[in-house]
1. If residue A:91 passes every condition in (1) within 14 Å of chain B (Cβ to nearest Cβ); (2) in contact with a Leu (Cβ under 8 Å, 6 or more places away or on another chain) but one, which one does it miss?
2. Looking at the range A:99-121, I want the residues that are within 14 Å of chain B (Cβ to nearest Cβ) and have a partner that is of a type in the set (D, E, K, R) with Cβ atoms under 8 Å, at least 6 apart or on another chain. Which pairs are those?
3. Scan the range A:246-258 for residues that are in contact (Cβ under 8 Å) with a residue 12 or more places away in the chain and exposed (fewer than 15 other Cβ atoms within 10 Å of the Cβ) and report the count.
4. Which residue pairs have Cβ atoms under 9 Å apart, sit 6 or more places apart or on different chains, and have a first residue in the range A:34-52 that is without any contact (Cβ under 8 Å) to a residue 12 or more places away in the chain and among the basic types (Lys, Arg) and a second that is assigned to a helix (DSSP H, G or I) and buried (at least 19 other Cβ atoms within 10 Å of the Cβ)?
5. Filtering the range A:212-270 down to residues that are of a type in the set (Val, Ile, Thr) and touching a strand residue (DSSP E or B) at 6+ places or on another chain (Cβ under 9 Å), which residue is farthest from the other protein chains (Cβ to nearest Cβ)?
6. In contact with a Leu (Cβ under 9 Å, 6 or more places away or on another chain), free of Cβ contacts under 8 Å to residues at least 40 places away in the same chain and either farther than 30 Å from residue A:65 by Cα or more than 7 Å from chain A (Cβ to nearest Cβ) (or both): which single residue out of B:43, B:30, B:12, B:36 fits that description?
7. In the range A:1-29, which residues are modelled with pLDDT under 95, in a loop (DSSP other than H, G, I, E, B) and within 11 Å of chain B (Cβ to nearest Cβ)?
8. Please determine whether any residue of the range B:55-65 is more than 8 Å from chain A (Cβ to nearest Cβ), part of a loop (DSSP other than H, G, I, E, B) and at negative phi.
Amino acid sequence: MKYVDEFRNKNLANKISQKIHSLAHSESLRIMEVCGSHTQSFHRFGLGKLLPPSIKFISGPGCPVCVSSPGYIDAAIALAQDKNNIILSFGDMLRVPGSKSTLEMARVAGAQVGVVYSALEAISVAFQNPKKKVIFLAVGFETTVPTVGLTVLDAKRKGLRNIFFYCAFKLIPPALEYLAKDCDLNISGFLLPGHVSAIIGTKPYAFIAKRYKIGCCVAGFEPLDMLEGIYFLLQQRIKKRPKVENQYNRAVRSLGNLKAKKIISSVFEPTVANWRGLGSIAQSGLRLRKEFSRLDAVREFGFKAENKSSGIKDTRCRCREVIRGIEEPRDCLLFKKICSPEHPYGPCMISSEGTCNVYYRYC
Amino acid sequence: MCLGIPMKIEKIQGEFAQVQSGSLKRQVNIQMLSSIKLGDYVIVHAGFAIEKLNSQKAKETLKIIHEIR
């Protein structure tokens, strides 16, 4: 496959690995990625074995499903209890625990909860069910936001009066700042998410290198991409010159996707967001602009956008620490004993991009 | 849900295109991209093409990797 096979070349991977080993002997690095696809690739391809022990690779809050707050899930479940409503969501969301239940359990009990691959499918469902209220659970990072933005614009253009968007988007740069400030984490470099960056570009990360002196590198998802990204971060560290580099320039431009950014800014505006495991972070979420308030589930159903519960009640569950990169899944007493992909206990085990789920399958 | 796979544009019909990667075929929305043509590779996410892949940049990346000494 073009753009895939050539970036999985074993000889070249070994060559970058040797170079990293030769440079890393005197440098200790804590590199964090904040993208579920990076988590998956790193463990699926066994990249940890190609790095020296002095480089610690940490998974941060990179799975949008895992960071959805329990209050959001509770509100979605409450909406699902009304037989006049149809809830639509991306698949992984169904198993995310609220404070008492999941959307999947609500569906088993008879609620109308459907799974979509694309937000646009919500438009068809609304047309096909004119007497029902269709509520789309709009979660995701910047990669997903413009796809929902176009769906909002389409719904408005078509004059649909029975579709509503319940927004709980999360934005990566404010989360990076939260993590950069956390002294416990002591991060020396961020391997930045390729497809979030395809939308927003590389400039929104500049403050991380400048203000917090932490090196940044946008990287793709194939083994050579990630290894080269780590190599670039190591070089920045050695030269003591933190900056934002772009390893994934075949898909990421410095200004990002201008059309997508215009869609985002015309439909949404920044707001506070509640991250499971991290708590509230200012300006790290998006809500619908006033022009689209008729399509806003928060206005239509009159509840708070999200409550502030951290949502992890069982103190044995270490998802909060895993999401922040302070602990690894194997540090959790529940991991592989009570908590598994078939019977997930914490949010990080649910999605295929969740850190615990990835560790369960590959480590 | 952030998985983005490079897929080849096989057919364009208005705001949508048929894309393919191996045996996987999908219909995707291409409104977010400008000047898309048949044979281009795009990153697909949640039913939308979010960016076109730049073959020249891909070659440059591989060249840099080859040149690491």
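1. It is condition (2) that residue A:91 fails.
2. A:120/A:154
3. Residues flagged as in contact (Cβ under 8 Å) with a residue 12 or more places away in the chain and exposed (fewer than 15 other Cβ atoms within 10 Å of the Cβ) within the range A:246-258 amount to 2.
4. Cβ pairs passing all conditions: A:49/A:17.
5. Taking the range A:212-270 first, the residues of a type in the set (Val, Ile, Thr) are A:214, A:218, A:230, A:238, A:244, A:252, A:263-264, A:267.
In the following step, the residues that additionally are touching a strand residue (DSSP E or B) at 6+ places or on another chain (Cβ under 9 Å) were identified as A:214, A:218, A:230, A:244, A:252, A:264, A:267.
Numbers: A:214: 22, A:218: 12, A:230: 12, A:244: 17, A:252: 8, A:264: 10, A:267: 13 Å.
For the range A:212-270, the residue satisfying everything is A:214.
6. Values: B:43 fails: either farther than 30 Å from residue A:65 by Cα or more than 7 Å from chain A (Cβ to nearest Cβ) (or both); B:30 fails: in contact with a Leu (Cβ under 9 Å, 6 or more places away or on another chain); B:36 fails: in contact with a Leu (Cβ under 9 Å, 6 or more places away or on another chain).
Just one listed residue meets the conditions, B:12.
7. If the condition is that a residue be modelled with pLDDT under 95, in a loop (DSSP other than H, G, I, E, B) and within 11 Å of chain B (Cβ to nearest Cβ), then A:1, A:2, A:3, A:4 are the ones that fit.
8. Applying the first criterion (more than 8 Å from chain A (Cβ to nearest Cβ)) to the range B:55-65 yields B:56, B:59, B:63.
Okay, now just the ones that are also part of a loop (DSSP other than H, G, I, E, B), so none.
Looking for residues that are more than 8 Å from chain A (Cβ to nearest Cβ), part of a loop (DSSP other than H, G, I, E, B) and at negative phi, one finds none in the range B:55-65, hence no.
The values are calculated or read from the model by the stated rules, or taken from the named source; none is laboratory data. All figures in this text were calculated on a predicted structure; none of them were measured in a lab. Every residue, glycine among them, receives a Cβ derived from its backbone with ideal geometry; neighbour counts consider all protein chains shown.
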